[in-house]
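Structure record follows, encoded as structure tokens.
The values are calculated or read from the model by the stated rules, or taken from the named source; none is laboratory data. Since we're looking at a predicted model, the values are computed, not measured. Quick reminder, even Gly has a Cβ in these numbers, built from the backbone with ideal geometry, and neighbours come from all protein chains shown. Each accessible area value is taken on the protein alone, full model and side chains, heavy atoms only, with ligands, DNA and RNA left out. Shrake-Rupley method; radii C 1.70, N 1.55, O 1.52, S 1.80 Å.
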Amino acid sequence: MMEQEHIPQPIRSDGAGTVDKGPRDVIRDKQNPDMMVPPVTDSGLIPNLRFSFSDTHMQLNQGGWSREITVRELPIATTLAGVNMSLTPGGVRELHWHQQAEWSYMLLGHARITAVDQNGRNFIADIGPGDLWYFPPGIPHSIQGLEDGCEFLLVFDDGHFSDLNTLSISDWFAHTPKDVLSANFGVPADAFNHIPSLQVYIYQDKVPGAIETQKVQSPYGIIPQTFKHRLLAQPPIKTPGGSVRIVDSSNFPISKTIAAALVEIEPGAMRELHWHPNNDEWQYYLTGQGRMTVFAGNGAARTFDYRAGDVGYVPFAFGHYIQNTGTQSLWFLEMFKSARFEDVSLNQWMALTPAELVQSNLNAGPELMGALRKEKWPVVKYPGYSYYPK
């Protein structure tokens, strides 16, 4: 006889709670164990800090799809918005521009991006897994899937942004009288008889040729600061339990409004207790599963569970940590509306403060005081003190 599937119940080990006998989504409950049975240290009223791309509307086009998480889906996330997009081989995100800056991380496959700046200097590059691009506000650009297609994350520096409300070349043409187009380009009005009547957004085209065949020589040259950065090729900061790659305007100069870190947390490890002194944090989970507790002060703390494809959010300066609760490495992106990546380590702060003061403040014994580190370890793992799923 097969063993009956374990059904989680909202009952804590100390006996608090009781069985849920009503209608429920058991799959959801299993995915969110720390929502169903919160740690006893959780308290107060912290708003929702998690939303999954799996719960968003899909915009389907010939040539690809997109879905987004904005303040509409996650009201707390006012500083940044995210779009998950996929393009077929040859699929094109049409020529367009935004009022917001665009930062992107290539998840899989390859794409070709093009752009022209306000001085007539152009840019074309091929993007692969782990690569970034950044386009400042107002810079016109395009994205096209190469032979294997692509999927990527787009991040914009305004939580109210929607990718379906951008400035597109087809949309502008469709809403400009043909005689005006004729006068602007110096060609007969009937040259515009077949232009799209609506915004194209994403469309199917053939796979472009080798990048050398696509080069367009500008009399003004190429842009002086590259729009591309190879984040995964960047040497990581390695610590026991994982790694961190930081990218901001210090090593990707064009990226003046979005800073980020690519974080790896191995099984049993955690992103240490810390906070960010410059802005809210917008997260995207790439692989694995984990849990994050956010501390808001005044006795308020709440724990959330995250899986690949989820977005997390931490308001400015709130303390938090992230544990790997799975059996594979947890990879995620931390992003900030800022020119620089900044974080404050709780451990390092305590180590660099007079020991007598820390000791008296926390009634801390010599064991804790002797373990404090003056060097920052963004990810930590100590033998015998690690979490592993039961």
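The residues on offer are 56, 70, and the sole one that is touching a residue at least 60 places away in the same chain (Cβ under 8 Å) and of a type in the set (Val, Ile, Thr) is 70.
Picking from residues in region 55-75 that are open to solvent by 40 Å² or more (accessible area, probe 1.4 Å) and in contact with a Lys or Arg (Cβ under 9 Å, 6 or more places away or on another chain), the one that is farthest from residue 295 (Cα to Cα) is 59. All of (1) at negative phi; (2) of a type outside the set (Ser, Thr, Tyr); (3) in a loop (DSSP other than H, G, I, E, B); (4) touching a Phe, Trp or Tyr at 6+ places or on another chain (Cβ under 7 Å) hold for residue 268 with one exception: (1). Condition check for residue 89 on (1) farther than 19 Å from residue 209 by Cβ; (2) open to solvent by 10 Å² or more (accessible area, probe 1.4 Å); (3) in contact with an Asp or Glu (Cβ under 8 Å, 6 or more places away or on another chain); (4) outside any strand (DSSP E or B): one failure, at (1).
A Cβ distance below 7 Å, combined with a sequence gap of six or more or placement on separate chains, defines the contacts here; from region 188-199, residues that are of a type in the set (A, V, I, L, M) reach no residue that is exposed (fewer than 10 other Cβ atoms within 10 Å of the Cβ). Report, by residue number, each residue of region 180-206 that is assigned to a loop (DSSP other than H, G, I, E, B), open to solvent by 70 Å² or more (accessible area, probe 1.4 Å) and either among the hydroxyl-bearing types (Ser, Thr, Tyr) or on the phi > 0 side of the Ramachandran plot (or both). Hit for region 180-206 is 197, nothing else.
Could you please let me know if residue 129 is closer than 23 Å to residue 339 by Cα, surrounded by fewer than 19 Cβ atoms within 10 Å (Cβ to Cβ) and not polar (S, T, N, Q)? First the steps, then the outcome.
Numbers: closer than 23 Å to residue 339 by Cα: no; surrounded by fewer than 19 Cβ atoms within 10 Å (Cβ to Cβ): yes; not polar (S, T, N, Q): yes.
When the stated conditions are applied, residue 129 does not pass them.
Residue by residue through region 70-86, note down the ones that are hydroxyl-bearing (Ser, Thr, Tyr) and in a loop (DSSP other than H, G, I, E, B). Before you say what the answer is, go through the steps one by one.
Just the residues of region 70-86 that are hydroxyl-bearing (Ser, Thr, Tyr), to begin with: 70, 78-79, 86.
The answer is 70, 78, 79.
Taking first residues from region 355-374 that are more than 19 Å from residue 345 (Cβ to Cβ) and outside any loop (DSSP other than H, G, I, E, B) and partners that are at pLDDT 95 or above and not acidic (Asp, Glu), the Cβ contacts under 9 Å between residues at least 6 apart in sequence or on separate chains come to 366/359.
Residues of region 212-239 that are touching a Lys or Arg at 6+ places or on another chain (Cβ under 6 Å) and open to solvent by 60 Å² or more (accessible area, probe 1.4 Å): 220, 222. Per the listing 242, 209, the residue uniquely surrounded by 13 or more Cβ atoms within 10 Å (Cβ to Cβ) and farther than 23 Å from residue 102 by Cβ is 242.
Hey, could you check region 15-54 for residues that are hydroxyl-bearing (Ser, Thr, Tyr) and open to solvent by 60 Å² or more (accessible area, probe 1.4 Å) and say which is nearest to residue 285 (Cα to Cα)? Don't jump to the end; show me each part of the working.
Residues of region 15-54 that are hydroxyl-bearing (Ser, Thr, Tyr), as a first pass: 18, 41, 43, 52, 54.
Still in the list and also open to solvent by 60 Å² or more (accessible area, probe 1.4 Å): 18, 41, 54.
On the way: 18: 32, 41: 25, 54: 12 Å.
Looking at the filtered set, the residue picked out is 54.
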